[in-house]
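> Structure in structure tokens, see below.
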Amino acid sequence: MTTPFFEVRALSVSATSATLVAPVDFAIAPGRSLALVGPSGAGKSTIARAILDLLPRGLTRRGSVWLDGVAIHDGSGPWRARRIGALFQDPTTALDPLMRIGAQIAEVVRAGGERDHRRAARIAIDALAELGIDAPDARARQYPHELSGGQRQRAALARALVLRPALLIADEPTSALDVTTQAQFLAALDRRRGTDGLAVLLVSHDLAVVAAHAEEVLVLAQGAVVERGRTTDVLRSPQHAITRALCALHAPSAPRAPHHPSDGAPIIATQRLTKHFPVAAGWRTTHTALHAVDDVTLSVHPGEVLAIVGESGCGKSTFARLLPRLLEPTAGAIHSGARDVRALNGPALRRWRASTQLLLQESAASLDPMRTLDDAIREGLRLHAADAPHTHDARVRAAADAVGLGRALLDRPPAQCSMGERQRAALARALVVDPDVLILDEPTASLDAVAADHLLAQLAAIQCARTLTLIVITHDLGIVRRLATQIAVMYLGRVVEHGPAAEVLATPAHPYTRALLDAVPGAAGVPIAGDVPSPLAPPSGCVFHPRCTRPDRNDDCTRRIPPLLDIAPARRAACWRAAPALPETLA
Amino acid sequence: MGRAAVVRLLHALGVIAVVVTLTFALARLLPGDPFASIADHPSVDAAWRARLRTTYGFDEPLLAQFVRWCGAVLRGDLGYSFSAQRPVRELLAHALPWTLLLSSVALTVGGVLGIALGSGQAVRRGGWADRLTGSTTLVLASIPDVVVATAVLVLFGQRLRWFPIGGATGLDGGGAGDVARHLVLPAATLALLVAVTLARFHRAAMVRGADADYLLAARASGLSRWRIFWRHALPNAIAPTLTVIGVLLPILLTGTIFVEKVFAWPGMGSVLANAVLARDYHVVTAVALLSTTAVVVASAAIDALLAWLDPRTRAR
């Protein structure tokens, strides 16, 4: 064994009164990857920032960091980005919104010693190209908000790697990304490990990512290492309780059996539902339209759990907002039993909205910061419940109990609660008015693995107890496996596949569904390339054709839009090549 | 883009029309008229009094007066100032350059000082310099303008005699040097008032943005603190500050009455104060027209600047 290449010796972090991270030692060899895992608050990110010497005010680090036998600290000359690159969690905020992508990378090149502005700009574009970003020249001239989340994160990676550092510290680099963009990103990272011998320190709460992309793992809990070793060994036979708990979260669960086929009327049925957002184009009123939801015909029966999956930008959230009519559809119909939802107004519309509750993705932002949780939960009752106010106390408490929200928390404002507690309060607020349908938009996106697991368990219990109908918007196939009885796959505003969860997961009919399943960390498939095209100008014919890898795709795919057709009992897909023996009349 | 500009222009013209109409009506609701002090004396003959008012059209219905005034304004005639005994246009043409000089110097100096103070405070937030500056700006922002102006006048004008106390006459009187000497005290007072307001807003904006991930990422990218400040922290925090400047701009044009009065600066503030006291309708309405136009132009300019700074607002 030669001397370790990157080494951390007795690194600890303390605040004035408490130790946040107990002394930790580890080493990473070139081309290798080490993961720090643990529940939130375990000190993973603190260690990452301590290595970079970028701790928040009031925190001090002890111990030393060594690279190639030389101690690295603030006095040892410029080393950030040159020797140690860093990448932080949220691609939406990691880049300066006011500066072009190319300029943000070029300024790092210039800080690294390049004097010539033109050459710096050239190097920046090459760095983008190297990470498989298409049209890097055009991307370099764009601003962060003009790029998708995945493109932004790859641009941030290009900046972190442009000076060819020996080590990359990546703090939850893919937590905010779709499963497909996550797969593309991690594949790009693995390539750099192979070609440049880049060492990677990966901070993650996602054991599936860790299992596939890190050789070694350190499990942390409350600022101390509780277990360490080769990833395969640690995950196969976890020793510590925390590690076992984390592994249990990621044990693949069998998909749920389809809900008893109900012959009754669907509780929500949409017909050719469409939402286009007008986009002002110029001087004369030439409008183009953003095709958010296109021609969606779906029905949900009482007691079903329908998961709507797809990458971001596929219209899932817009569809969720159309159902309670928080957005008005451009065309199409929504029915509930015999009721025409689009014709409702006044009190009838309010009753419809009370019975179709929407839980928004950002729980932190969906609760009024000036009100206590009790207030927030009670408000729905004041608006919708017919019974006397003195019964509200009991109903608020019952809702809080149902979601496992401690009563002591009810008197607190959201700011004094954790993300998990806030999300449960938002859930209690939705449940307190006794809805028939609950729509959840990425319910666990802002939660760590433990809090997410807790919320999903509660949701499953509530759904069974009340025979609630759930519509879950998600890009996380783990949630789909755990909760869904039915799956609808959306791509660019259209439903491309719909059917019972177990069958769709086992035998995906549409190439896009296949691609989503292949992108799950550790899956054998090749991750799908490219990004979702702009909904301002959807591709002709089958909207998926530019990314489709089916060998038997043909001219039909580029010319004609495939309808969503029955391919098997209870299963539908919108693919010219998936439909078995199309009747001649339709072709 | 073009369409939005036209809508914006129509909107602006609407604002100007409403403000001018209100000012025209409100000025006439004040008891008395431009001749109250001379014509209403008991010794003045009633017939002559009536004839005087008929001559100048003050006996007509308010609406007729307004229509006539609007017609005149559209022809470029702002009316006549009875108290100053000269056309309103001449009066304003004389006062406006003085005000523009004073407010532009005060805004530039105060703007730079305020942004520098606020930025410095934010960079060293929590330290003694931040707290000292914070309490000083709070005290100065709380004291009425006129007190600050008087204190500056007494200290630097009367006691120390560094600068003249008032009575600026113009280039033909004492030359550029004289104007500059007279400018120092009122400009410094106004600049101070602008700076304390801006410093408070700017510090808050900088502190709010201080935890942004892109600043952390910039530090992790090895950029110098100086570059991070100039290219990332400052541009991202400047929007609220620019908005405040947009609000201050029209106030500086007419709202500097106290400072102009204290330092006997012959600008728009002095003109407006005299006109209100003398019920000089035409002057009051003309100043309202001018200042409203300034508000509208200033807010359009600031919006354009914000759009240029922030690509996200440009896209919409």
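> Within the stretch A:428-446, track down each residue that is crowded, with 22+ Cβ neighbours inside 10 Å and within 12 Å of the chain's Cα centre (by Cα).
Answer for the stretch A:428-446, where residues must be crowded, with 22+ Cβ neighbours inside 10 Å and within 12 Å of the chain's Cα centre (by Cα): A:P443, A:T444.
> Moving on. Could you please find all residues in the stretch A:56-73 being away from chain B (no Cβ under 11 Å), modelled with pLDDT under 90, open to solvent by 30 Å² or more (accessible area, probe 1.4 Å) and under 17 Å from B:A220 (Cα atoms)?
Within the stretch A:56-73, just A:H73 meets the criteria.
> Let me ask another. For the stretch A:76-89, check the following and say yes or no: at least one residue is part of a helix (DSSP H, G or I), touching a helix residue (DSSP H, G or I) at 6+ places or on another chain (Cβ under 7 Å) and within 14 Å of another protein chain (Cβ to nearest Cβ). Can you show your working first?
Step one: filter the stretch A:76-89 for residues part of a helix (DSSP H, G or I), giving none.
Within the stretch A:76-89, not a single residue is part of a helix (DSSP H, G or I), touching a helix residue (DSSP H, G or I) at 6+ places or on another chain (Cβ under 7 Å) and within 14 Å of another protein chain (Cβ to nearest Cβ).
> Here's another thing I want to ask about it. Go through the stretch A:395-427 residue by residue and tally those that are open to solvent by 30 Å² or more (accessible area, probe 1.4 Å) and without any contact (Cβ under 8 Å) to a residue 60 or more places away in the chain. Walk me through how you get there before you give the answer.
Step one: filter the stretch A:395-427 for residues open to solvent by 30 Å² or more (accessible area, probe 1.4 Å), giving A:395, A:397-398, A:401-402, A:404, A:406-408, A:411-413, A:415-416, A:418-419, A:421-422, A:424.
Add one more test, that the residue is without any contact (Cβ under 8 Å) to a residue 60 or more places away in the chain, and what stays is A:395, A:397-398, A:401, A:404, A:406-408, A:411-413, A:415-416, A:418-419, A:421-422, A:424.
Of the residues in the stretch A:395-427, 18 are open to solvent by 30 Å² or more (accessible area, probe 1.4 Å) and without any contact (Cβ under 8 Å) to a residue 60 or more places away in the chain.
> Among the residues of the stretch A:329-382, how many are closer than 20 Å to A:V293 by Cα and at pLDDT below 90?
Selection size over the stretch A:329-382: 2.
> Which of (1) open to solvent by less than 10 Å² (accessible area, probe 1.4 Å); (2) away from chain B (no Cβ under 14 Å); (3) of a type in the set (V, I, T) does A:V179 not meet, given it meets every other one?
(1)
> So, in the stretch A:159-192, exactly how many residues are within 30 Å of A:P511 (Cα to Cα) and not aromatic (F, W, Y)?
Of all residues in the stretch A:159-192, those within 30 Å of A:P511 (Cα to Cα) come to A:172-192.
Applying the additional criterion that residues be not aromatic (F, W, Y) yields A:172-184, A:186-192.
Final tally of qualifying residues: 20.
> Would you call B:R208 free of Cβ contacts under 8 Å to residues at least 40 places away in the same chain and more than 29 Å from the chain's Cα centre (by Cα)? First the steps, then the outcome.
Numbers: free of Cβ contacts under 8 Å to residues at least 40 places away in the same chain: yes; more than 29 Å from the chain's Cα centre (by Cα): no.
When the stated conditions are applied, B:R208 does not pass them.
> Taking A:Q239 as meeting all but one of (1) within 14 Å of chain B (Cβ to nearest Cβ); (2) without any contact (Cβ under 8 Å) to a residue 60 or more places away in the chain; (3) not in a helix (DSSP H, G or I), write down the number of the exception.
The failed condition is (1).
> For the stretch B:276-300, what are the residues that are closer than 23 Å to B:R75 by Cα and open to solvent by 20 Å² or more (accessible area, probe 1.4 Å)? I'd like the intermediate steps shown before the answer.
Of the stretch B:276-300, the ones closer than 23 Å to B:R75 by Cα are B:280-297.
B:H282, B:V284, B:L289, B:L290, B:S291, B:T293, B:A294, B:V295, B:V296, B:V297 - these are the residues of the stretch B:276-300 that are closer than 23 Å to B:R75 by Cα and open to solvent by 20 Å² or more (accessible area, probe 1.4 Å).
> If we scan the stretch B:58-70, do we find a residue that is in contact with a strand residue (DSSP E or B) (Cβ under 7 Å, 6 or more places away or on another chain), not in a loop (DSSP other than H, G, I, E, B) and not aromatic (F, W, Y)?
First pass over the stretch B:58-70, keeping only residues in contact with a strand residue (DSSP E or B) (Cβ under 7 Å, 6 or more places away or on another chain): none.
No, there is no match, as no residue in the stretch B:58-70 is in contact with a strand residue (DSSP E or B) (Cβ under 7 Å, 6 or more places away or on another chain), not in a loop (DSSP other than H, G, I, E, B) and not aromatic (F, W, Y).
> Would you mind listing the helices (runs of 4 or more DSSP H) fully within the stretch A:463-570 where at least 3 residues are in contact with a strand residue (DSSP E or B) (Cβ under 7 Å, 6 or more places away or on another chain)?
Numbers: elements: A:477-483, A:501-506, A:511-518, A:555-559.
It comes to A:477-483, A:501-506, A:511-518.
Residues are listed down the side, and each one gets a yes or a no for (1) open to solvent by less than 30 Å² (accessible area, probe 1.4 Å); (2) farther than 28 Å from B:S83 by Cβ; (3) within 14 Å of chain A (Cβ to nearest Cβ); (4) of a type in the set (K, R):
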| site | (1), (2), (3), (4) |
| --- | --- |
| B:R208 | no, yes, yes, yes |
| B:R225 | no, yes, yes, yes |
| B:A233 | yes, yes, yes, no |
| B:M268 | yes, no, no, no |
| B:N274 | no, no, no, no |
| B:I302 | yes, yes, no, no |
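> Within 14 Å of another protein chain (Cβ to nearest Cβ), surrounded by fewer than 24 Cβ atoms within 10 Å (Cβ to Cβ) and either farther than 23 Å from A:A50 by Cβ or not charged (D, E, K, R) (or both): does that describe A:A129? So that I can check it myself, show each step before the final result.
Details: within 14 Å of another protein chain (Cβ to nearest Cβ): no; surrounded by fewer than 24 Cβ atoms within 10 Å (Cβ to Cβ): yes; either farther than 23 Å from A:A50 by Cβ or not charged (D, E, K, R) (or both): yes.
It is false that A:A129 is within 14 Å of another protein chain (Cβ to nearest Cβ), surrounded by fewer than 24 Cβ atoms within 10 Å (Cβ to Cβ) and either farther than 23 Å from A:A50 by Cβ or not charged (D, E, K, R) (or both).
> Tell me yes or no: at least one residue of the stretch A:96-113 is crowded, with 17+ Cβ neighbours inside 10 Å, in a loop (DSSP other than H, G, I, E, B) and in contact with a Leu (Cβ under 7 Å, 6 or more places away or on another chain).
Within the stretch A:96-113, one or more residues are crowded, with 17+ Cβ neighbours inside 10 Å, in a loop (DSSP other than H, G, I, E, B) and in contact with a Leu (Cβ under 7 Å, 6 or more places away or on another chain).
> Specify which of the listed residues (B:L78, B:L10) is exposed (fewer than 11 other Cβ atoms within 10 Å of the Cβ) and at pLDDT 85 or above. Walk me through how you get there before you give the answer.
Numbers: B:L78 fails: exposed (fewer than 11 other Cβ atoms within 10 Å of the Cβ).
On inspection, the qualifying residue turns out to be B:L10.
> Filter the stretch B:304-316 down to the residues that are modelled with pLDDT under 85 and either more than 14 Å from every other protein chain (Cβ to nearest Cβ) or not in a helix (DSSP H, G or I) (or both) and list them by number.
B:R316
> From the list A:R192, A:R164, exactly one residue is touching a helix residue (DSSP H, G or I) at 6+ places or on another chain (Cβ under 9 Å), at pLDDT 90 or above and open to solvent by 40 Å² or more (accessible area, probe 1.4 Å). Which is it?
Numbers: A:R192 fails: open to solvent by 40 Å² or more (accessible area, probe 1.4 Å).
When all the criteria are applied, what remains is A:R164.
> Please verify whether the stretch A:411-419 includes one or more residues that are in a helix (DSSP H, G or I) and more than 30 Å from the chain's Cα centre (by Cα).
At the first step, the residues of the stretch A:411-419 found to be in a helix (DSSP H, G or I) are A:411, A:414-416, A:419.
Remaining after also requiring more than 30 Å from the chain's Cα centre (by Cα): A:411.
Yes, that holds for at least one residue.
> Of the conditions (1) open to solvent by 10 Å² or more (accessible area, probe 1.4 Å); (2) in contact with a Gly (Cβ under 7 Å, 6 or more places away or on another chain); (3) closer than 23 Å to A:G38 by Cα; (4) of a type outside the set (D, E), A:L455 fails just one. Which one is it?
If we test A:L455 against (1) open to solvent by 10 Å² or more (accessible area, probe 1.4 Å); (2) in contact with a Gly (Cβ under 7 Å, 6 or more places away or on another chain); (3) closer than 23 Å to A:G38 by Cα; (4) of a type outside the set (D, E), just (1) comes out false.
> Hey, another quick one. Within the stretch A:148-176, how many residues turn out to be over 24 Å from A:G43 (Cα atoms), away from every other protein chain (no Cβ under 12 Å) and not hydroxyl-bearing (S, T, Y)?
The number of residues fulfilling the criteria is 5.
> Further question: Any idea which of B:G177, B:G157 is open to solvent by 30 Å² or more (accessible area, probe 1.4 Å) and of a type in the set (G, A, S)? Reasoning before the result, please.
Working: B:G157 fails: open to solvent by 30 Å² or more (accessible area, probe 1.4 Å).
Unique residue meeting the criteria: B:G177.
> Before we move on, is A:I51 buried (at least 17 other Cβ atoms within 10 Å of the Cβ) and within 14 Å of another protein chain (Cβ to nearest Cβ)? Steps first, please.
Details: buried (at least 17 other Cβ atoms within 10 Å of the Cβ): yes; within 14 Å of another protein chain (Cβ to nearest Cβ): yes.
When the stated conditions are applied, A:I51 passes them.
> For residues that are closer than 23 Å to B:T256 by Cβ and surrounded by 11 or more Cβ atoms within 10 Å (Cβ to Cβ), tally how many sit in the stretch B:127-154. Before you say what the answer is, go through the steps one by one.
Start the filter on the stretch B:127-154 by keeping residues that are closer than 23 Å to B:T256 by Cβ, which leaves B:136-154.
When the remaining residues are screened for being surrounded by 11 or more Cβ atoms within 10 Å (Cβ to Cβ), the result is B:136-138, B:140-141, B:143, B:145-154.
Qualifying residue count, the stretch B:127-154: 16.
> Quick one: which of A:R62, A:R32 is among the basic types (K, R) and over 21 Å from A:R192 (Cβ atoms)?
On the way: A:R32 fails: over 21 Å from A:R192 (Cβ atoms).
None of the others qualify; the one that does is A:R62.
The values are calculated or read from the model by the stated rules, or taken from the named source; none is laboratory data. Values in this document were obtained by computation on a predicted structure and should not be read as measured data. Neighbour counts are summed over all protein chains in view; Cβ atoms, including those assigned to glycine, are modelled from backbone coordinates with ideal geometry. Side chains included, ligands, DNA and RNA excluded: accessible areas come from the protein's heavy atoms. Shrake-Rupley method; radii C 1.70, N 1.55, O 1.52, S 1.80 Å.
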